[in-house]
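A quick write-up on the structure given underneath.
The values are calculated or read from the model by the stated rules, or taken from the named source; none is laboratory data. Fair warning: this is a prediction, and the values are worked out from it, not measured in the lab. All Cβ positions, even for glycine, are placed from backbone atoms using ideal geometry, and neighbour counts span all protein chains on display. The protein model used for the area step is the full one, side chains on, heavy atoms only, and it has no ligands, DNA or RNA in it. Shrake-Rupley method; radii C 1.70, N 1.55, O 1.52, S 1.80 Å.
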Amino acid sequence: QVEVVESGGGLVQAGGSLRLSCAASGRTFNRDNMAWYRQAPEKEREFVAAVTRTISKTYYADSVKGRFTISRDNAKNTVYLQMSSLKPEDTAIYFCNAGGYPAYSGGYYSGFYWGQGTQVTVSS
């Protein structure tokens, strides 16, 4: 069993920055790949970024490459999403996910464990 809790969302102007945090508990943190997803109103949940459990290899959606950075601190059982150059289209609820894995095709499969989400709103 893994519990993940997101924090750090808020309201920011376009071009600004935010850092999201996801604290995980319940089993050894470095066993799990960690990822961020987001869901905008009336849209499906989509992959944002992931970081692997050992060598911290990272994966990003094309829409956030060069603007978002995912990282993890295994000593703190926490994964971060640093978001810069935010755009109104980044407005969404951001969810932390544990236990997924990258696909050979280049995608990413989500894991079983989800947080409740944190709202990010980018004003124009």
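Given the condition open to solvent by 60 Å² or more (accessible area, probe 1.4 Å), on the phi < 0 side of the Ramachandran plot, part of a strand (DSSP E or B) and without any contact (Cβ under 8 Å) to a residue 40 or more places away in the chain, answer yes or no: does some residue in the range 56-63 qualify? No, that holds for no residue. Scanning the range 29-48 for any residue that is in contact with an Asp or Glu (Cβ under 9 Å, 6 or more places away or on another chain), farther than 16 Å from residue 119 by Cβ and either at pLDDT 95 or above or in a loop (DSSP other than H, G, I, E, B) (or both) turns up nothing. For the range 63-85, the criterion of being touching a Pro at 6+ places or on another chain (Cβ under 6 Å) and of a type in the set (A, V, I, L, M) is satisfied by no residue at all. Right, residue 91: hydroxyl-bearing (Ser, Thr, Tyr), touching a Ser or Thr at 6+ places or on another chain (Cβ under 7 Å) and over 26 Å from residue 112 (Cβ atoms) or not? Against the criterion (hydroxyl-bearing (Ser, Thr, Tyr), touching a Ser or Thr at 6+ places or on another chain (Cβ under 7 Å) and over 26 Å from residue 112 (Cβ atoms)), residue 91 qualifies. Being modelled with pLDDT of 95 or more and touching a strand residue (DSSP E or B) at 6+ places or on another chain (Cβ under 8 Å) holds for only one residue in 80, 113, and it is 80.
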